[in-house]
2 protein chains.
Amino acid sequence: MSSHLTCFLEIDSQSDFTIHNLPYGIFSETPQGTKRVGVAIGDWVIDLAHLEAHGLLAINGHQDCFNQATLNKFIETGKHNWQKVRTTLQSLLSAENPTLRDDVVLRQNALFKQNTVTLHLPIQVSGYTDFYSSKEHATNVGTMFRDPKNALLPNWSELPVGYNGRASSVIVSGKDIVRPSGQIKLPDQERPVFSATRKLDFELETAFIVGKATELGEPIAIADAWEHIFGMVLLNDWSARDIQQWEYVPLGPFNAKTFASAISPWVVTMQALEPFKVKGPEQQPKPLCYLEENIANSYDIHLSIEVQSPQSAHADVICQTNFKYMYWSMAQQLTHHTIAGCNVQVGDLMGSGTISGPTEDAYGSLLELTWNTTKPLTLSNGEKRGFLQDGDRVVMKGYCEKAGIRVGFGEVANSILPARQFSFHQTEDLSYETV
Amino acid sequence: MSSHLTCFLEIDSQSDFTIHNLPYGIFSETPQGTKRVGVAIGDWVIDLAHLEAHGLLAINGHQDCFNQATLNKFIETGKHNWQKVRTTLQSLLSAENPTLRDDVVLRQNALFKQNTVTLHLPIQVSGYTDFYSSKEHATNVGTMFRDPKNALLPNWSELPVGYNGRASSVIVSGKDIVRPSGQIKLPDQERPVFSATRKLDFELETAFIVGKATELGEPIAIADAWEHIFGMVLLNDWSARDIQQWEYVPLGPFNAKTFASAISPWVVTMQALEPFKVKGPEQQPKPLCYLEENIANSYDIHLSIEVQSPQSAHADVICQTNFKYMYWSMAQQLTHHTIAGCNVQVGDLMGSGTISGPTEDAYGSLLELTWNTTKPLTLSNGEKRGFLQDGDRVVMKGYCEKAGIRVGFGEVANSILPARQFSFHQTEDLSYETV
């Protein structure tokens, strides 16, 4: 990749979507219009289905890869074709190439302003797995809920702890989140009550998308694992902490998480992220053989969270952290996932777990940022927050920058709607805890 | 339903697949042949794609419902059509109807001997959720692994505890199970070792298949829940107990379960099970409003497990239990699953959890039957078993019988293959614990 590569379109120097990025998504011109594959470039989306129909983007042996409602078919064509399409697009968009630059009709039909189109869930999520790979996050949660002296459980340092999430409720940025209801156990009552959650929280995560399937009983060797990863998105793993605390023993979180997991609409490829590779934290103890990896296996990705109250004219940045703090790598996660024989599928989404950094302003959830409401945040308009209130909007952003090259993820943003009114009598009607 | 309904085919009185049953599956004439929908009747499969092509099984507004590789499309046509197809098939198969009975060519083309065809996974499993709804099982596990005095955790009696399983590794009866490998923590060692599991176990479960989808944020009211259930299968939720014990805190079982979950090939419909409805156990405390159900919400289904050693000429029945012992109903499970807003999809598979009865011979796993190897089983050929050995074959069966009507599930059967040999050095090479 050359930093001298320039696009014939005018692209802001702070744009996430430079010619070095070229992330894939699914768009339609109207909310109910035909979905197809697009790539973000500056403020524009380039319509790959249109380029394909014009013979500018052929994939040998595959037809209609981009006239699709999800990226799955394109991803299934394999890594060789991911690279080929990337190279072709960089050439078509470069300032030196007249094919698209000088064809007014083609440009009119293939380029759309991003703010005029509708973005959809980019993949059909075959399966959703969420890991728990930030040492800082696991330590914080363990300190609060279990035992500060033994915050990290013994297995945490030996394997990338993960669990199966719910694929059906993975949604794309922009969709509103209805405050979930469920069973909550209040400390002063013998039995649980049925209530809207009072502890609605976000989790700042990234997720990778599996690009190459395996058969049942065929583990992925750690050296091959990166070949199975297509790209990454931002993930907000919405959580209801009070529902979680009551339900999660002994089989893990369920309704506290299954109401929504939101991802950013643009899938940033591993090729685009290549220049931002860094070494991850040193692993002590040294992992068992099957997880051993001695290469630069992490990425320098700046991550942030903004919260905007409905009473405020602007958003407050409440967290700044970085992907490079993650203890377990994506390759280690994927290898561990398959070591006992589990197969993976194209379109599997694998979440990092909440990404908390070493300092208090780098924690990736309100649970940690407010230390379970004991240290409420003060927004710039003076309002306080323990957990989220109705109307709050949460925006997560991510980008890489090095030597003048910027590759960004855009954002995952959702607003909170009030809880559903249930037709049956609720055991108790309790107002939300507002700190 | 009348018990006088008779089929023109000769059907053994002990057959699971009477004219009162008519379970749906997916078959092909050869292992790689075209998959389509079939119904089991006696020793035969009736080819619904063939009947549909001959105009004998039209579904208004839907085409090619049965010329499909999974049941999902037929299920999506809705309950009205499930009932219509059932009525049509009962008529076509009845001794009084000459349409099929007297058409030799049609019979030759539409009826296949079950032992000549290949059966496939009947549904595309959209999502897989596993509950934990047997009080006896939860009590046994809690007694062994936590605290005999507080074996049941406080949330267990308030909600149907469940967790997300891995949908990609749901397999059909007949497929061999490769003994999984992974991290195991031995009591006398500081760090885990990488090893084949020494505690390979089965879990006797049933599962229901969701037949009607919901939108995100739209909980299913308990009174409507049964309308969303298409049918049931037997489920063997294969488990590696030593991997499970090390990995499962705090987010639940993962690699210990994701290597395989096997289901029986024939989906028995709720209509066929209707005559076998019974009241479930009394629920104390009375569930919160959203889970309250005052109808016959369980089923009298006899369940058994057989194990056959490769050194033995026949199988030993090692467990006999019944679905009616389940504490939480399928409607309660489904309603709870959606109460916080999670959507469900046609083809979602929802496991009951291990079904253990009140007596020691009614426990649904080897973990319980051998009390974690402390009370090994003795097979009829004198061999002992703590957990399963390579070559063992496990067969689960289920049936209902009442007033001369029998409706059975057939079986889910798998054999154990030796563990995979890994190319990298294993930390320790340990022989399996054989009791």
Query raised in the report: Right, A:Pro154: assigned by TED's automatic domain parsing to the domain that holds A:His228 and over 26 Å from the mean Cα position of the chain (by Cα) or not?
Result: yes
Query raised in the report: In the list B:Ile75, B:Ile123, B:Ile46, B:Ile26, which residue meets the criterion of being closer than 16 Å to B:Phe8 by Cα, modelled with pLDDT of 95 or more and buried (at least 19 other Cβ atoms within 10 Å of the Cβ)?
Result: B:Ile46
Query - Number of the condition not met by A:Trp226 [criteria: (1) surrounded by fewer than 21 Cβ atoms within 10 Å (Cβ to Cβ); (2) over 19 Å from the mean Cα position of the chain (by Cα)] - result: (2)
Requested in this report: Give A:Arg198, A:Arg107, A:Arg179 a once-over and let me know the one that is more than 10 Å from chain B (Cβ to nearest Cβ), of a type in the set (D, E, K, R) and touching an Asp or Glu at 6+ places or on another chain (Cβ under 7 Å).
Outcome: A:Arg198
Requested in this report: Output the qualifying pairs, or none if there are none: Cβ atoms under 8 angstrom, residues six or more apart or on different chains, first residue in region B:267-292 and farther than 30 Å from B:Val37 by Cα, second residue exposed (fewer than 14 other Cβ atoms within 10 Å of the Cβ) and at pLDDT below 95.
Outcome: B:Cys289/A:Phe424; B:Cys289/A:His425; B:Tyr290/A:Phe424
Query raised in the report: In region B:172-209, how many residues are within 28 Å of B:Ser134 (Cα to Cα), of a type in the set (A, V, I, L, M, F, W, C) and buried (at least 22 other Cβ atoms within 10 Å of the Cβ)?
Result: 8
Query raised in the report: in a loop (DSSP other than H, G, I, E, B), in contact with a His (Cβ under 9 Å, 6 or more places away or on another chain), modelled with pLDDT of 95 or more and not assigned by TED's automatic domain parsing to the domain that holds A:Ala213 - does that describe any residue in region A:81-88?
Result: no
Query raised in the report: Which of the following residues is of a type in the set (Val, Ile, Thr), within 30 Å of B:Lys324 (Cβ to Cβ) and surrounded by 14 or more Cβ atoms within 10 Å (Cβ to Cβ): B:Thr118, B:Thr87, B:Thr139?
Result: B:Thr139
Query - Those residues of region A:371-407 which are among the β-branched types (Val, Ile, Thr), surrounded by fewer than 21 Cβ atoms within 10 Å (Cβ to Cβ) and over 20 Å from A:Ser312 (Cα atoms), in sequence order - result: A:Thr373, A:Thr374, A:Ile405
Query raised in the report: What strands (runs of 3 or more DSSP E), lying completely within region A:162-222, carry at least 1 residues that are polar (S, T, N, Q) and assigned by TED's automatic domain parsing to the domain that holds A:Trp371?
Result: A:162-164, A:181-184, A:193-196, A:204-210
Requested in this report: Go through region B:254-343 and tell me which helices (runs of 4 or more DSSP H), entirely inside it, have 2 or more residues that are closer than 30 Å to B:Gly182 by Cβ.
Outcome: B:255-258, B:330-338
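Can you tell me how many residues within region A:89-104 are in a helix (DSSP H, G or I) and without any contact (Cβ under 8 Å) to a residue 40 or more places away in the chain?
3
Would you point out which residue out of B:Trp226, B:Trp246 is at pLDDT 95 or above, more than 14 Å from chain A (Cβ to nearest Cβ) and in a helix (DSSP H, G or I)?
B:Trp226
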Query raised in the report: Can you find even one residue in region A:240-247 that is closer than 25 Å to A:Gly78 by Cβ and in the same structural domain as A:Lys324 (by TED's automatic domain parsing)?
Result: no
Report task. Return yes or no: is A:Ile263 crowded, with 24+ Cβ neighbours inside 10 Å, modelled with pLDDT of 95 or more and either farther than 30 Å from A:His302 by Cα or facing chain B (nearest Cβ under 8 Å) (or both)? Result -> no
Requested in this report: Only residues in region B:142-156 that are at pLDDT below 95 count as the first member; pair them with residues that are exposed (fewer than 14 other Cβ atoms within 10 Å of the Cβ) and among the aromatic types (Phe, Trp, Tyr), Cβ under 8 angstrom, at least 6 apart or cross-chain, and list the lot.
Outcome: none
**Report entry** Answer from A:Gly162, A:Gly231 - the residue that is modelled with pLDDT of 95 or more, in contact with an Asp or Glu (Cβ under 9 Å, 6 or more places away or on another chain), crowded, with 22+ Cβ neighbours inside 10 Å and not polar (S, T, N, Q)
**Finding:** A:Gly162
Query raised in the report: Among (1) modelled with pLDDT of 95 or more; (2) more than 10 Å from chain B (Cβ to nearest Cβ); (3) touching a Gly at 6+ places or on another chain (Cβ under 7 Å), which single condition is A:Gly211 missing?
Result: (3)
Query raised in the report: Within region B:154-176, can you find the residues that are more than 7 Å from every other protein chain (Cβ to nearest Cβ) and among the acidic types (Asp, Glu)?
Result: B:Asp176
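The values are calculated or read from the model by the stated rules, or taken from the named source; none is laboratory data. Remember, predicted model here, so these are calculated numbers, not experimental data. We place every Cβ from the backbone using ideal geometry, glycine too, and count neighbours over all the protein chains shown.
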